[in-house]
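See structure below.
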Amino acid sequence: MATRQKTTKHPKKVTVPAKKPTKVSASTAPRITPFLMYKEKCAEAAKFYASIFKNSKILSADTMSASFILDGQKFHAFNGGPHFNFSEGISLFVSCETQQEVDYYWNKLSADGGAESMCGWLRDKYGVSWQIIPSILMKLLGHKDREKAHRATQAMLQMKKISIQGLKDAVKD
């Protein structure tokens with residue numbers, strides 16, 4: 001009995017033209033848009049976030065919903081009632097280049113009832129989890145010298161707000 005070979009049809013190769021960099025707006029935002037379900041105060045939260053991040057604006061806001069852009073990323077939000085809670089299972093990651101940026105976002109987002117956590121995590125006054133992370137942390141955690149990566153990890157585990165100098169000190173030879 002002869003066996004039949006499976007044949008697989010391969011899709012034609014598609015060449016996608018390179019896109020010119022464009023400023024992201026509501027009309028050019030990615031098709032994947034985070035939808036945040038708040039207990040209440042989603043419009044207030046949207047205004048709070050837009051006051052913190054550059055290149056941000058409120059697209060619409062009313063008593064039940066809000067649409068907004070934070071630093072070019074579009075979001076939708078809705079007031080869903082008391083059974084909706086945020087958790088650290090989903091967080092918003094803010095990549096920072098300098099300690100000044102880390103300090104700015106950390107202080108603004110943890111203010112007025114927010115809560116600091118470990119390893120660059122915090123929860124804002126609306127319950128949303130954020131990671132305020134300097135780009136050097138990601139570089140150090142993936143360092144080819146695994147001992148340096150380990151020392152960076154151990155230093156990070158001791159920090160609430162990430163200290164760039166603390167990370168650099170930890171990996172010095």
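The values are calculated or read from the model by the stated rules, or taken from the named source; none is laboratory data. Being a predicted model, the structure only gives us computed values, none of them experimental. Reconstructed Cβ throughout: ideal geometry from the backbone, glycine too, with neighbour counts over all protein chains shown.
Checked against the criteria, Q158 counts as outside the structural domain of E40 (by TED's automatic domain parsing) and surrounded by fewer than 14 Cβ atoms within 10 Å (Cβ to Cβ).
This table checks each residue for (1) of a type outside the set (D, E, K, R); (2) over 17 Å from G166 (Cβ atoms); (3) outside any strand (DSSP E or B).
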| site | (1), (2), (3) |
| --- | --- |
| E88 | no, yes, yes |
| F93 | yes, yes, no |
| V102 | yes, no, yes |
| L109 | yes, yes, yes |
| D112 | no, yes, yes |
| M118 | yes, no, yes |
| Y126 | yes, yes, yes |
| I132 | yes, no, no |
| K144 | no, yes, yes |
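Residues considered: G113, G120. Of these, the only one that is without any contact (Cβ under 8 Å) to a residue 40 or more places away in the chain and either surrounded by 12 or more Cβ atoms within 10 Å (Cβ to Cβ) or not assigned by TED's automatic domain parsing to the domain that holds G72 (or both) is G113. When residues in the range 52-70 are screened for being free of Cβ contacts under 8 Å to residues at least 40 places away in the same chain and within 19 Å of R123 (Cα to Cα), 2 of them pass.
Of the set (1) within 25 Å of G114 (Cα to Cα); (2) of a type outside the set (A, V, I, L, M); (3) at pLDDT below 90, all apply to S27 but (1).
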